[in-house]
Amino acid sequence: MTAGVDLGHPQAQAIQSDEDVVRVRQLVRTVAVAAKLSLVDQTKLVTAASELARNTLVYGGGGTVEVTTVDNGRRRGVRILFADSGPGIVDLDLALTDGYTTGGGLGLGLSGARRLVDEFEIDTGAGKGTRVTVTKWAR
Amino acid sequence: MERVPILKIGDILLVSIQVDMSDQTALQLQEDLAERIVATGSHGVIIDITALDIVDSFVGRMLSTIASISKVLDAETVVVGMRPAVAITLVELGLSLNGIRTALNVERGMELIAAARSDEFEEDDQLDDAADAETTASP
């Protein structure tokens, strides 16, 4: 389990369409600014969120996102949970390889998003959906 | 769905992306641009991304695709105005923007296109000269 205490209520957003992916970016940006992440860190987190929200939509068949401000006693951060009840990822190592894709994209979504955040957790398996949790801490 | 406007300035098409584009809007822009290049016979496309907070793998791929399509249609594409935080994030994401020319601003982008065109004309001239030389050399 990742360290850190939730501050306040998570903000939720459904991911059911293209426009929802845009809304996820805007929500994450707002929370990242409030958590005082630097401009570069905001940009990295919003970019990672955009990739993961698109994955939730395209591969998971839609789902939800929850954005929470967290505090580990020393630093503030933003944690985002993406959840879908789609087919899940059978071979996670392969899915995390740069350039691997089953959807005709560039294959950078999952692997690239992992590089852009400080903490990355994924819970998935064939038939059990996918839950991805990412955290970015203010420096 | 929002649509990104395409402006014609002399021999160049200028696209200034001012909205957070959904994936559909990005794909529409790709099609609209291809049509406008052919309809106007433009030889240069400038895509101004000054207003973009992020460029994720989808938009990155769109930029590469636009550059490739323009090339086939005899037009140069230059992407201008990328923010520093966006550049840092793109590199970390693993996106190399293959085949895309970039410039700091619209003015430099126009210079780059003008230079690329005049280089081509010079090459054509040299070919013509070579052809002329051959003609004169043969009795």
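None of the figures in this text is laboratory data; all of them are computed from the coordinates on show. What you see is a predicted model; the values in this text were computed from it and never measured. Ideal geometry is used to build each Cβ from the backbone, glycine not excepted, and the neighbour counts take in all protein chains shown.
Which one, A:T69, A:V58, A:L96, is farthest towards the positive end of the dipole of chain A when Lys and Arg carry +1 and Asp and Glu -1 on their Cβ? The listed residue farthest towards the positive side: A:T69. Each of A:H9, B:H43 was scored by other Cβ atoms within 10 Å of its Cβ. Arranged with the fewest first, they read A:H9, B:H43. What the phi angles of region B:108-113 give under the Karplus curve with 6.51, -1.76 and 1.60, with θ = phi - 60°, is a coupling list of 5, x, 5, 4, 4, 5 Hz, glycine and proline written as x.
The fewest-to-most ranking of B:I100, B:I66, B:I47 by surrounding Cβ atoms within 10 Å reads B:I100, B:I66, B:I47. If R0 is taken as 25 Å, the Cβ-Cβ distance between A:N72 and A:Q11 corresponds to a FRET efficiency of 0.80. Taking the dipole about the Cα centre of region B:6-137, with the C-beta of Lys and Arg at +1 and of Asp and Glu at -1, give me whichever of B:L13, B:I66, B:V86 is farthest to the positive side. Of the candidates, B:V86 comes out farthest on the positive side.
Which FRET efficiency, nearest 0.05, do A:V33 and B:E35 yield, Cβ-Cβ r, R0 35 Å? Please list the in-between numbers first.
On the way: r = 38 Å, r/R0 = 1.09.
Computed FRET efficiency for A:V33 and B:E35 comes out at 0.35.
A crude spin-label estimate for the pair A:R139 and B:D74, with each label 7 Å from Cα along the Cβ direction, gives 4.9 nm. With an a/c value of 1.5 or above and a/b larger than b/c for the gyration tensor axes a ≥ b ≥ c computed over the alpha-carbon atoms, region B:6-137 is described as prolate. Between helix B:23-40 and chain B there is an angle of about 30 degrees, using the helix long axis and the longest principal axis of the Cα atoms.
For chain A, the dipole from Cβ point charges (+1 on Lys and Arg, -1 on Asp and Glu) about the Cα centre works out to 560 debye, to the nearest 20. In a reduced charge model with +1 at each Lys and Arg Cβ and -1 at each Asp and Glu Cβ, the protein assembly as shown shows a dipole moment near 1960 debye about its Cα centre.
For B:L93, B:L104, A:L52, A:L27, the sequence from fewest to most other C-beta atoms within 10 Å is B:L104, A:L27, B:L93, A:L52.
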